[in-house]
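Here the structure is laid out as structure tokens; the discussion comes afterwards.
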Amino acid sequence: MKTELSSLRPLLRAMMILAALGMFTWLPAANTAIGMAVANGSFEVDHARIWGNTTLFDGSVIETATASSQLQLIGGVQMRLASNTRATVYQNRLVLESGYGQLESATGFEVDAGSLRISPAQDDTVARIRLVNDRTVTVAAVRGAVHVANGTGLLVANVEAGKSLDFEPQAAGAAAATHASGCLLAKAGKIIIVDQTTNVVLELAGTGLDREVGNRVEVTGSAAASEPSVPGASQSIQASGIKEIAKGGCSAIAKKLGASTAVAATGAAAGVASSSGGAAGAAGAAGAAGAGGAAAAGGIGIGTIAVIGGVATAATVGGLAAVGSLPGQGNSPPSVSR
């Protein structure tokens with residue numbers, strides 16, 4: 001009997017080990033591989049020095065040194081990180097903590113930089129994101145369009161292909177100021193402004209707006225509690241001031257938006273066409289206005305600066321050229337060594 005028990009002990013021990021391993025395979029999340037990082041040189045992942053390549057897990061922290069690194073995630077997302085960049089990567093988003101990166105992605109992936117959420121508006125988008133001094137974020141759309149939202153998810157800008165914008169979140173307040181400049185139009189019985197810097201549509205309420213419909217204006221105000229009712233509008237604004245910049249020049253934008261450059265006597269938009277274009281149509285129409293120059297030193301100028309959703313936005317001087325390119329762009333990715 002003792003001999004039989006002695007012969008069974010190794011078998012029982014092996015079964016216990018296999019059972020324990022089986023339990024570990026059911027443990028979630030942190031042990032799930034989401035892709036790999038590759039570099040021509042060394043970098044750090046979770047504070048461990050890596051040469052060549054390594055597997056990435058949900059929540060991996062990547063710190064590049066003198067060489068750029070390329071992240072290849074399951075699902076086809078690619079993110080190139082420049083030298084001296086730090087980021088935390090998850091399955092569906094990357095948190096850029098410092099430095100500069102380029103996103104090549106289909107929809108569904110997001111880059112968080114500062115308090116901003118940056119996401120591709122369409123498949124095959126290529127975007128460059130740079131975080132400066134933990135506050136100023138530069139977003140450039142190399143190919144496709146890019147949505148930029150604030151920390152609460154409110155859309156604050158649509159960056160078109162070939163354009164580059166600087167973003168700087170403002171100090172939070174009970175009634176954050178809003179500054180927008182662009183075409184004032186009528187749609188669905190409401191007054192809207194198409195901001196020519198951020199390419200977003202705002203629904204307005206206030207006195208004296210009807211007289212300026214069809215003109216290019218500057219509007220100041222604050223966010224209203226009510227949700228916008230106009231299709232494609234990102235926010236409702238209670239206007240406190242309006243300044244005319246130029247007469248007319250808004251017919252093309254109005255046509256693309258299905259809006260009108262005049263207000264009917266009843267207060268409803270006259271001759272309003274179908275609004276099926278939605279937010280995408282609004283962004284495209286706003287782009288026709290064009291984003292001008294850099295941020296003015298004081299006040300707001302035509303297409304130079306906007307403050308929407310608590311984020312100040314200005315066109316970048318030099319566009320994509322000012323953003324630059326990452327080392328090694330255009331080259332094939334480094335080979336996998338292990």
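Which of the residues belonging to segment 122-139 are surrounded by fewer than 19 Cβ atoms within 10 Å (Cβ to Cβ) and either of a type outside the set (Ser, Thr, Tyr) or more than 20 Å from Gly309 (Cβ to Cβ) (or both)? Of everything in segment 122-139, those that are surrounded by fewer than 19 Cβ atoms within 10 Å (Cβ to Cβ) and either of a type outside the set (Ser, Thr, Tyr) or more than 20 Å from Gly309 (Cβ to Cβ) (or both) turn out to be Gln122, Asp123, Asp124, Val126, Val132, Asn133, Asp134, Arg135. Here Ser68 meets the list (1) more than 19 Å from the chain's Cα centre (by Cα); (2) surrounded by fewer than 20 Cβ atoms within 10 Å (Cβ to Cβ); (3) touching a residue at least 40 places away in the same chain (Cβ under 8 Å) almost entirely, failing just condition (2). Going through segment 224-248 one residue at a time, which ones are surrounded by 14 or more Cβ atoms within 10 Å (Cβ to Cβ), assigned to a loop (DSSP other than H, G, I, E, B) and either hydroxyl-bearing (Ser, Thr, Tyr) or touching a residue at least 24 places away in the same chain (Cβ under 8 Å) (or both)? Hits for segment 224-248 are Pro228, Val230, Pro231, Gly232. Condition test on Glu104, is it more than 30 Å from Glu227 (Cβ to Cβ), under 14 Å from the mean Cα position of the chain (by Cα) and not aromatic (Phe, Trp, Tyr)? Yes; evaluated as a whole, the condition is true for this residue.
Within segment 212-223, is there a residue that is within 30 Å of Asp134 (Cβ to Cβ), touching a helix residue (DSSP H, G or I) at 6+ places or on another chain (Cβ under 6 Å) and either buried (at least 18 other Cβ atoms within 10 Å of the Cβ) or not aromatic (Phe, Trp, Tyr) (or both)? No: segment 212-223 contains no residue that is within 30 Å of Asp134 (Cβ to Cβ), touching a helix residue (DSSP H, G or I) at 6+ places or on another chain (Cβ under 6 Å) and either buried (at least 18 other Cβ atoms within 10 Å of the Cβ) or not aromatic (Phe, Trp, Tyr) (or both). For Glu97, the test of being of a type outside the set (Ser, Thr, Tyr) and more than 19 Å from the chain's Cα centre (by Cα) is failed. Is segment 143-166 home to any residue that is under 16 Å from Ala314 (Cβ atoms), surrounded by fewer than 17 Cβ atoms within 10 Å (Cβ to Cβ), modelled with pLDDT under 95 and over 10 Å from the mean Cα position of the chain (by Cα)? So far as segment 143-166 goes, no, none of its residues is under 16 Å from Ala314 (Cβ atoms), surrounded by fewer than 17 Cβ atoms within 10 Å (Cβ to Cβ), modelled with pLDDT under 95 and over 10 Å from the mean Cα position of the chain (by Cα).
When the test is whether a residue is outside any loop (DSSP other than H, G, I, E, B), of a type in the set (A, V, I, L, M), without any contact (Cβ under 8 Å) to a residue 60 or more places away in the chain and in the same structural domain as Asp58 (by TED's automatic domain parsing), Val142 does not pass it.
Any idea how many residues of segment 119-139 are in a strand (DSSP E or B) and either within 19 Å of Ala322 (Cα to Cα) or not assigned by TED's automatic domain parsing to the domain that holds Leu73 (or both)? Can you show your working first?
The initial filter retains those residues of segment 119-139 that are in a strand (DSSP E or B), namely 119-120, 125-132, 136-139.
Checking the rest, the ones that are also either within 19 Å of Ala322 (Cα to Cα) or not assigned by TED's automatic domain parsing to the domain that holds Leu73 (or both) come to 126-132, 136-139.
Of the residues in that region, 11 qualify.
Which residue out of Gly206, Gly162 is assigned by TED's automatic domain parsing to the domain that holds Val137 and on the phi > 0 side of the Ramachandran plot?
Gly162
Can you tell me which residue among Thr107, Thr85 is under 16 Å from Ala127 (Cβ atoms), at pLDDT 95 or above and not acidic (Asp, Glu)?
On the way: Thr107 fails: at pLDDT 95 or above.
Criteria check complete, one pass: Thr85.
The values are calculated or read from the model by the stated rules, or taken from the named source; none is laboratory data. Remember, it's a predicted structure, so these values are computed and weren't measured experimentally. We place every Cβ from the backbone using ideal geometry, glycine too, and count neighbours over all the protein chains shown.
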